[in-house]
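Below is one structure, written out as structure tokens, with a few remarks after it.
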Amino acid sequence: MTQLPPTRRLERRLGDWVRARLPAGLVEFVMFLLKQAWACLFGFAMLGGLILSDRIWQEDWPLHRYDALLIYALGLQVLFLALRLETLREARVIALFHLTGTAMELFKVNAGSWAYPEPGVMKLWGVPLFSGFMYAAVGSYMARVIRIFDMKFAPYPPFWMTVALAVAIYVNFFAHHFIWDSRYVLFAATVLLFLRTRIWFTIGATPRWMPLPVAALLTSFALWVAENIGTATNTWIYAGHSRFDMVSLSKMGSWYLLLYVSFVTVTVVVRDVLYREPLLKGGRESKSPTGKRRAQSTG
């Protein structure tokens, strides 16, 4: 039998510890929260770095705060790979997020949507290079949560349609500065395309499911909260806002749409969790009379 990596053994021991000490009715809910927190580990570490650096950093220190955050983010990424908290496949997903996120940052900052007010050596056209890791944190969460919860997505729309939607959403983040903002059409498109798609996931012995649009809405709220924390640390400032102003709830809609771009980015690398046909009740794959799998992957 293949021995589990130390971090996977730690996950299993924590789960066993919770199950042994909590009433049966609470175990599944608490395990859901703990697994979600474990999947968010990279994001929590990045937020912790923003908060701590804001509290302790001095203007006369030889290293700028933004440059220190870049070193910190790179160190986190190396550590996650070394400890097998992320797989190489997940690292490829995160690299895609970093590239697409940095491209958006470069455009948005120079369009005046928000700004990074502090100095830094590793800054490109007003954008500190650590900022791409904030998008990478979303990619890390998505890749890890799929693995940790053993997720399956069914019935999944035709893959080309999901890619087309993701491209349209991504383009709109740039194009709405020049032409009509089509976000409401895109909101409707996400629901129409993914309305029937269930996210099947496992916490204990019984598989559960959630509609994909509902999961995206809940996740967008969590990201809106995280964005408020980042703004409060003066890491970035929205046009016309101060660090003490709450981020507009409209940004939650932006995160909701961006999550579909993020999810499709993940599926470019992780295709074996997508099924064109519904799964049987309980999250099991359906089978034809010949015993062959009917719920085929879209890959």
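The values are calculated or read from the model by the stated rules, or taken from the named source; none is laboratory data. Just so you know, these numbers come straight off a predicted model, no measurement behind them. When we count neighbours, we look across all protein chains shown, and the Cβ atoms used for this are built from the backbone with ideal geometry, even at glycine.
Working only within the range 208-217, note down all residues that are more than 12 Å from the chain's Cα centre (by Cα) and either assigned to a helix (DSSP H, G or I) or surrounded by fewer than 16 Cβ atoms within 10 Å (Cβ to Cβ) (or both).
Quick first cut of the range 208-217, residues more than 12 Å from the chain's Cα centre (by Cα) only: 208-214, 217.
The answer is Met210, Pro211, Leu212, Pro213, Val214, Leu217.
In the range 98-136, what count of residues is obtained for those that are surrounded by 19 or more Cβ atoms within 10 Å (Cβ to Cβ), touching a strand residue (DSSP E or B) at 6+ places or on another chain (Cβ under 7 Å) and among the small types (Gly, Ala, Ser)?
1
Tell me whether the range 93-103 contains one or more residues that are of a type in the set (A, V, I, L, M, F, W, C) and more than 15 Å from the chain's Cα centre (by Cα).
Going through the range 93-103, the residues of a type in the set (A, V, I, L, M, F, W, C) turn out to be 93-97, 99, 103.
Going one step further and asking which of them are more than 15 Å from the chain's Cα centre (by Cα), we end up with 103.
Looking for residues that are of a type in the set (A, V, I, L, M, F, W, C) and more than 15 Å from the chain's Cα centre (by Cα), one finds at least one in the range 93-103, hence yes.
Determine which member of the set Leu259, Leu195 is surrounded by 15 or more Cβ atoms within 10 Å (Cβ to Cβ), modelled with pLDDT under 95 and either more than 25 Å from Leu34 (Cα to Cα) or of a type in the set (A, V, I, L, M, F, W, C) (or both).
One residue alone meets the criteria, Leu259.
Can you tell me which residues in the range 182-211 are over 28 Å from Arg19 (Cα atoms) and either of a type in the set (Val, Ile, Thr) or touching a Phe, Trp or Tyr at 6+ places or on another chain (Cβ under 7 Å) (or both)?
Val185, Thr190, Val191, Thr197
Is it the case that Leu26 is among the aliphatic types (A, V, I, L, M), part of a helix (DSSP H, G or I) and surrounded by 13 or more Cβ atoms within 10 Å (Cβ to Cβ)?
The answer is no for Leu26.
Taking Leu81, is it surrounded by 12 or more Cβ atoms within 10 Å (Cβ to Cβ) and without any contact (Cβ under 8 Å) to a residue 24 or more places away in the chain? Spell out how you get there, then give the answer.
Details: surrounded by 12 or more Cβ atoms within 10 Å (Cβ to Cβ): yes; without any contact (Cβ under 8 Å) to a residue 24 or more places away in the chain: yes.
Spelling it out, Leu81 is indeed surrounded by 12 or more Cβ atoms within 10 Å (Cβ to Cβ) and without any contact (Cβ under 8 Å) to a residue 24 or more places away in the chain.
Within the range 274-296, is even one residue touching a helix residue (DSSP H, G or I) at 6+ places or on another chain (Cβ under 8 Å), surrounded by 14 or more Cβ atoms within 10 Å (Cβ to Cβ), closer than 22 Å to Met142 by Cα and at pLDDT 65 or above?
Yes: one or more hits.
Give the number of residues within the range 75-90 that are in contact with a Phe, Trp or Tyr (Cβ under 8 Å, 6 or more places away or on another chain) and within 17 Å of Phe130 (Cβ to Cβ).
3
Hey, could you check the range 218-240 for residues that are exposed (fewer than 14 other Cβ atoms within 10 Å of the Cβ) and not in a helix (DSSP H, G or I) and say which is nearest to the chain's Cα centre (by Cα)?
Once the filter is applied, the top-ranked residue is Ala239.
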